[in-house]
Each structure stands twice: as structure tokens, then as C-alpha cells.
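Below is one structure, written out as C-alpha cells; the observations come after it.
The values are calculated or read from the model by the stated rules, or taken from the named source; none is laboratory data. Model, not experiment: these values are computed from the prediction. All Cβ positions, even for glycine, are placed from backbone atoms using ideal geometry, and neighbour counts span all protein chains on display. Accessible surface areas use protein heavy atoms only, side chains included; no ligands, DNA or RNA. Shrake-Rupley method; radii C 1.70, N 1.55, O 1.52, S 1.80 Å.
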Amino acid sequence: MASLASQRLMLSDLSKMSAASQAEKSVLEEEFKWLLKEEVHAVLRQLQDILKQYSCVPTQEASRHFSTPVPGLESQIKQENFILGNSTMDQVKGVLTLQGEALTQADINIKTAKSNQIVRFSFREDKQWNMQQIQDAKNHVNQALQLLNSRNEMYTFKTGAEVNKLMDAVMLQLTRARNRLTTPATATLSELASSSLMNMFTPPLPGDMMVNFYINLSRLCLTVYQLHVLQPNTTKNFKPAGSSVLHNPGAMFEMNGTKFEVNHVHKVECVVPWLNDTLVFFTISLQLCQQLKDKISIFSSYWNYRPF
């Protein structure tokens, strides 16, 4: 009899546990439905609000430098001047004018190694230099926005896997955008010498000088290379330098049958505040995406046999 009573009690406990488990499951399912219907779209709106600051709305505000000019409204993108080489020891000084992704003017003073004289170069009036890193970052931001806009408020997410797929695609574009600003492209000295940038200055750059502009994190950088020609009968072993962001003195290259060696390298830079803001907002956006994925993962751990 005692054994039968114990069995009945055990069955009763199991029934209660099953009912509690079913109730917990129902609660979790309702919470997950709310997540898919409400919270996912709230995160998407937040991401859109952040990224639109760096996309395609021209404005005078300092935070909107990733704008795409509308024909006839290019002047609405703010122009900013940045001073290079504040120290009296700097061999290179100048002022750069940045408008969105375009360097619209550059006034550069260089103290030459040969004569110790200061020479001045400026962009020709009909020329401006596109900062490809900023352009590429902007393109990736716009692609991220297109992905977010493809799932408007009326769209219903069916599974967590669908949300994760969207977040992965958005995070890929944001990571690529951030990497374009944090990782300058490398180039050989021959590539720099043949760049159209060398033909943008007035007076023209002398044949023994090259310049390069690039973005590194929140800094706008200018590098000036002073060269000398290697004589055909030189005893120095010629070894062309490979691709690099910054080449050191002693690096060699050949251009149109003439061999050169880098004598002096001068690098000056300035901080562009809105680039720093951009990197911060990229980080915040990536964190929002990851936090949403983490919430999906928590629910999927309860239903690992379902395609969440």
C-alpha cells in the first residue's frame, strides 16, 4: 500500500513539474515572439538613426561628413581647415581643406634637404583629391543602411536565425567601414610616383619629391618623400622596396628606367574630430548588433532542437 501511495505521489509531482515546465515554455515563447516583433525593430531603428548621420543627407552639421552631395547642393557639406606641422622642428607644414571625402585644397611648405630652403606647393584650382578610405567607408555604411531598410516595421521576423543573418550582414559592412579608416592601404614607391596626385600641384612637384595623403584612425596624414637618383655605376645593391603604408629612408624603386632611393621621409598629421566620432559610432552600432544576437542565443539555448 505504501508503495502504491508513493507511486501516486511521484506521479502527482511529475505532473506538477510538467505543468510548470509547460507554463515556463509558454512564457518563454511569448517573450521570444515579443522580441521578434518589437525589440528587433527597435534595434533596427536605433541603428538606422546612428548610421544616417554618416550616409546621404547633406547638412552643415559637423557630425554629417559622410554625406553624398546632391547636385547643386555640394556647398552644404561643411569645409574644414586642418593645420599640419605645428612644431618649429617640423620640416613640413601646411593647411589642408577637407570637405566630406574630398581634399579640396592643400597648401604645403617643405624645407628641402639639399638647399635648406622652404618651397611652397598648392593644389591647382581645378583639382581636388578624393580620400578613397572615407569614400569606401561611406559606401559600406550605405550598404548597411540598405540592409536595415529592407526590413521595415511591417516585416515580421519568423525565426532567430533570420535575425542573426541580417545582423551578420550588417556587422560585416560596418566592420569593413571601420577597417577602411583604421587600416590605410599600402602602396609601392613606384605606384606613388605614378599617382595622379603628383600632378595636382602648382608649381609642379620636382622630380625628386613625392607626397601621399591617407587616413589612420581619426588622423589625416601627409607624408613627403625626398629622393635622389642612383647613378648607373653605383656600387649599391639595388633592391626595390615592397608595398607599405610608410617607406623608410634607404627604400629604392625604379621609374621609367631611372632608379631612385629615398633620402628623407617627413610625416605630419592632424586629428579630424568627426572621424573619431565616426569610429565611436561604428563601435556602438556593432555592439548593438552583437547584443541582439546574444539575446537570440539565450532563447535558442532553451530550444536547441528548433531552428532559432
Query raised in the report: Pairs under 8 Å by beta carbon, first residue in contact (Cβ under 8 Å) with a residue 60 or more places away in the chain in the range 239-259, partner open to solvent by 60 Å² or more (accessible area, probe 1.4 Å) and polar (S, T, N, Q), six or more apart or different chains?
Result: Val245/Thr186; Met255/Ser194
Requested in this report: Given the conditions (1) buried (at least 18 other Cβ atoms within 10 Å of the Cβ); (2) in a strand (DSSP E or B); (3) not acidic (Asp, Glu), report the number of the one that His140 does not fulfil.
Outcome: (2)
Requested in this report: Spot the failing condition for Gln231; the list is (1) closer than 21 Å to Thr186 by Cα; (2) modelled with pLDDT under 90, and only one is missed.
Outcome: (1)
**Report entry** Those residues of the range 245-275 which are open to solvent by 40 Å² or more (accessible area, probe 1.4 Å), more than 25 Å from Met131 (Cα to Cα) and part of a strand (DSSP E or B), in sequence order
**Finding:** Glu254, Thr258, Lys259, Asn263
Query raised in the report: Can you spot a residue in the range 160-180 that is more than 26 Å from Phe260 (Cβ to Cβ), open to solvent by less than 10 Å² (accessible area, probe 1.4 Å) and in contact with a His (Cβ under 6 Å, 6 or more places away or on another chain)?
Result: yes
Query raised in the report: Does Leu275 meet the test of being touching a residue at least 40 places away in the same chain (Cβ under 8 Å) and touching a Ser or Thr at 6+ places or on another chain (Cβ under 6 Å)?
Result: yes
Requested in this report: Provide a single number: the residues in the range 217-236 that are part of a strand (DSSP E or B), farther than 30 Å from Trp274 by Cα and open to solvent by 20 Å² or more (accessible area, probe 1.4 Å).
Outcome: 2
Report task. State all residues of the range 187-216 that are among the hydroxyl-bearing types (Ser, Thr, Tyr), assigned to a helix (DSSP H, G or I) and surrounded by 16 or more Cβ atoms within 10 Å (Cβ to Cβ); if no residue qualifies, say none. Result -> Ser190
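Can you confirm whether Lys239 is surrounded by 13 or more Cβ atoms within 10 Å (Cβ to Cβ), over 24 Å from Lys127 (Cβ atoms) and among the basic types (Lys, Arg)? Give the steps one after another, and end with the answer.
Details: surrounded by 13 or more Cβ atoms within 10 Å (Cβ to Cβ): no; over 24 Å from Lys127 (Cβ atoms): yes; among the basic types (Lys, Arg): yes.
No.
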Query raised in the report: Are there any pairs, at least 6 apart or on different chains, whose C-beta atoms fall under 7 Å, with the first in the range 286-308 and within 13 Å of Phe32 (Cα to Cα) and the second at pLDDT below 55, and if so, which?
Result: Ile296/Phe308; Phe299/Phe308; Ser300/Phe308
Report summary line: Only unsatisfied item for Asp107, checking (1) at pLDDT below 90; (2) open to solvent by 40 Å² or more (accessible area, probe 1.4 Å), is (1)
Report summary line: If we ask which residues in the range 161-190 are among the acidic types (Asp, Glu) and modelled with pLDDT under 95, their number turns out to be 1
Query - Selection from the range 94-130 of residues that are under 15 Å from Asn199 (Cα atoms) and of a type in the set (A, V, I, L, M, F, W, C) - result: Leu103, Ala106, Ile108, Phe121, Phe123, Trp129
Report summary line: Over the range 128-137, the set of residues crowded, with 18+ Cβ neighbours inside 10 Å and under 30 Å from Val40 (Cβ atoms) is Ala137
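Here are some residues: Glu153, Glu125. Which one is in a loop (DSSP other than H, G, I, E, B), more than 28 Å from Gly100 (Cβ to Cβ) and either among the hydroxyl-bearing types (Ser, Thr, Tyr) or open to solvent by 40 Å² or more (accessible area, probe 1.4 Å) (or both)? Lay out the reasoning, then the answer.
Numbers: Glu125 fails: more than 28 Å from Gly100 (Cβ to Cβ).
One residue alone meets the criteria, Glu153.
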